[in-house]
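Heads up: the structure comes next, in structure tokens.
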Amino acid sequence: MLLAAPGRAHAFELSGGVSLGGILVGTDPRLAVSPHVRMSWRMKDSILLAVDEMCSILPSTNELGIGVYNHTSVAVGYASQQGNFSLGPSLSLYTMPACGVTLCGRVAGVAPGARAQADVYFVGPLGVSVSAAVDWVGGRSLVLPGGMAAMVVAGPVLRWGAK
């Protein structure tokens with residue numbers, strides 16, 4: 001129903017990028033490569049509705065293999081030609097190797113949470129994207145206890161859209 005809502009001709013926007021950084025999983029810091037994509041619609045003037053997808057890939061460093069932390073969110077926010085800001089609920093699916101104080105193994109699960117994102121465009125469609133997410137990682141694991149998980153990712157962003 002939201003897709004059928006009337007809007008301006010340039011209301012649809014697609015942006016994407018790749019971030020490189022680190023994730024602390026248990027007691028081990030890990031490298032993470034995080035491609036992300038966003039589809040957004042300007043509803044009225046500066047009101048923004050967005051769907052975000054980010055998949056953090058943790059390269060293999062031991063016999064437990066690679067890790068994946070996939071984060072999907074729906075957000076409402078503010079948009080302008082120079083950038084946008086949004087906030088909304090999220091859901092993460094993950095499977096990754098982790099080490100606790102005494103034991104190493106794979107952890108996997110589903111985590112509800114919230115996500116905020118700011119995109120600032122400096123030169124035409126090129127800009128910087130910063131996002132922060134907080135997830136509730138529940139359940140029982142022999143490797144790590146449940147609790148809050150936080151992630152901050154920053155990287156370049158390239159915006160495509162109809163003019």
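Since every read-out is calculated from the coordinates, none of them should be taken as a lab result. Predicted model, so just to flag it, every value in this text is computed and none were measured. Neighbour counts are summed over all protein chains in view; Cβ atoms, including those assigned to glycine, are modelled from backbone coordinates with ideal geometry.
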Full-extension gain in nm, T95 to E63, via 0.36 nm per residue minus C-alpha separation: 10.1 nm
Note, ³J(HN,Hα) from phi for the range 49-58, Karplus 6.51, -1.76, 1.60, rounded to Hz, x at Gly and Pro: 10, 9, 10, 10, 9, 9, 10, 8, 10, 9
Potential lengthening between S46 and V130 on full extension [0.36 nm per residue; Cα-Cα distance subtracted]: 28.3 nm
FRET E, pair L103, V37, Förster distance 35 Å, beta-carbon r, rounded to 0.05: 0.50
Backbone N under 17 Å from the F85 label point (7 Å along Cα→Cβ), restricted to the range 35-74: 46-50
For the range 7-61, the Rg and Dmax computed from alpha carbons only, in angstrom: 16.1, 49
Calculated on alpha-carbon atoms, Rg and Dmax of the range 68-125 in Å: 16.6, 51
Overall Cα dimensions of the range 17-163 - principal axes, largest extent first, Å: 54, 26, 18
Amide H contacts under 5 Å for S141, placed H, 5+ residues apart: G146
